[in-house]
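For reference, the structure is listed below as structure tokens.
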Amino acid sequence: MSASVLSPCPGGTRSLSSALAETVALFARAGIVDPQVDAELLLGHLLGAGRGEVQAAAIRGDVLDADLDGRLADLAARRAAREPLQHLTGVAYFRHLSLAVGPGVFVPRPETEMVAQIAIDALRASASPAPVAVDLGTGSGAIALALATEVPHARVHAAENSVNAFVWTKENFARVGADNARLAFIDLADAFPELDGTVSVLVSNPPYVPDAAVPRDPEVRRYDPPHALYGGADGLDVVRVLAEVGRRLVHPGGTIVIEHGELQGPSVRGVLTAAGWLAAATHPDLTMRDRATTALRA
């Protein structure tokens, strides 16, 4: 094994703190944004422990046996090659949820938690005792399941039309077990005609990367499914569909919430306004980058 990857300690054990430090250094050389967090999460996955427990074990001077050390070396090499951490652990954390993810489904991002919060706030503000929400292109189910579990008096409907993604979506709906959440395998353009004019909140994290753009992060470029990334020449093809579908689904006074790229706010507002939506407004995420646009149904 080359010196550029983690080397298992031959024939015995070594300290967990040493293995952790070496993993952190490897990830830092690979350009991973937060190598300490990724190393602790990866080691915690192998140990069945949380990050705090990993940190405590390192301080105590715990040791890894040869088997765990070897498994860590293999997974660390894959992460250093920029395979997504969530593909290695099989889990993506989103708000309070632990979601199953892997090849074929878009890995939910922390910035989308803010998009979910906007939708949750709008759903809670609805005057209906049982407001209806729709998540179109739900992917892993992250937004829909956040809405269903955090607004339990709401009824949440989610649509996904990728076979590969739907495998993971079904698993997550079963895993969370929210009785007020419904999943359908259907194209978002044709979704839920039986709900026409009854939806209080429509939310979507659609594909919005322009076709000619190249995502910066190798994890995105190499591993996220293209159908979840690319949205036409200007990235707004699906946004235009959402603007029209939303007018069919959402009742007057209801809200649409669309995630988009940091430079797309003016264009998304323009699309929604042209389609007849009112009060279009763009909202920044926690890094102060424009992340979502909302509007009200006339």
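What does the net charge come to around LEU202 if you take all other residues with beta carbon closer than 11 Å to its beta carbon, with K and R at +1 and D and E at -1? Net of charged neighbours comes to +2. One quarter of the surface of the convex hull around the alpha-carbon atoms of segment 42-197 equals 11.2 nm², the direction-averaged projected area.
Electrostatic bookkeeping for VAL176 treats Lys and Arg as +1 and Asp and Glu as -1; over the other residues with beta carbon under 14 Å from its beta carbon, the sum is 0.
The magnitude of the dipole of segment 92-296, with charges of +1 and -1 set on the Cβ of Lys/Arg and Asp/Glu and taken from the Cα centre, is near 200 debye.
log10 I(q)/I(0), Debye, Cα-only segment 177-253, no solvent, q = 0.14, 0.26, 0.27 Å⁻¹? Log10 I(q)/I(0), no solvent term: -0.59, -1.18, -1.23.
Computed over neighbours whose Cβ is under 13 Å from that of PRO252, the net charge equals +2, Lys and Arg +1, Asp and Glu -1.
Quick one: Cα centre-to-centre distance for segment 115-180 and segment 54-77, in angstrom? When both Cα centres are located, 37 Å separates them. Applying the criteria of a DSSP loop state and at most 12 other Cβ atoms within 10 Å to the trypsin sites (Lys or Arg not before Pro) of segment 139-232 yields ARG216. Taking a temperature of 20 °C and a viscosity of 1.002 mPa s, what whole-number D in µm²/s does Stokes-Einstein yield for segment 155-298 with Rh from Kirkwood over alpha carbon pairs? Answer from the Stokes-Einstein relation: 133 µm²/s. On a per residue basis, the convex hull of the C-alpha atoms belonging to segment 14-81 measures out at 66 Å³.
Ranking ASP290, ASP190, ASP135 by Cβ neighbours within 10 Å, fewest first, what do you get?
Ranking ASP290, ASP190, ASP135 by Cβ neighbours within 10 Å, fewest first, gives ASP190, ASP290, ASP135.
Taking loop as defined by DSSP and a crowding limit of 12 other beta carbons within 10 Å, which trypsin sites (Lys or Arg not before Pro) in segment 228-298 fit? Sites meeting the loop and neighbour criteria: ARG289. Here the chain is described by how far its Cα atoms reach on the three principal axes: 69, 41, 33 Å, from widest to narrowest.
We did not get these values from a lab; they are worked out from the coordinates using the rules stated. Only a predicted model underlies this, so the values are computations on that prediction, with no experimental measurement involved. In this analysis, Cβ positions are derived from the backbone assuming ideal geometry, glycine residues included, and neighbour counts consider all displayed protein chains.
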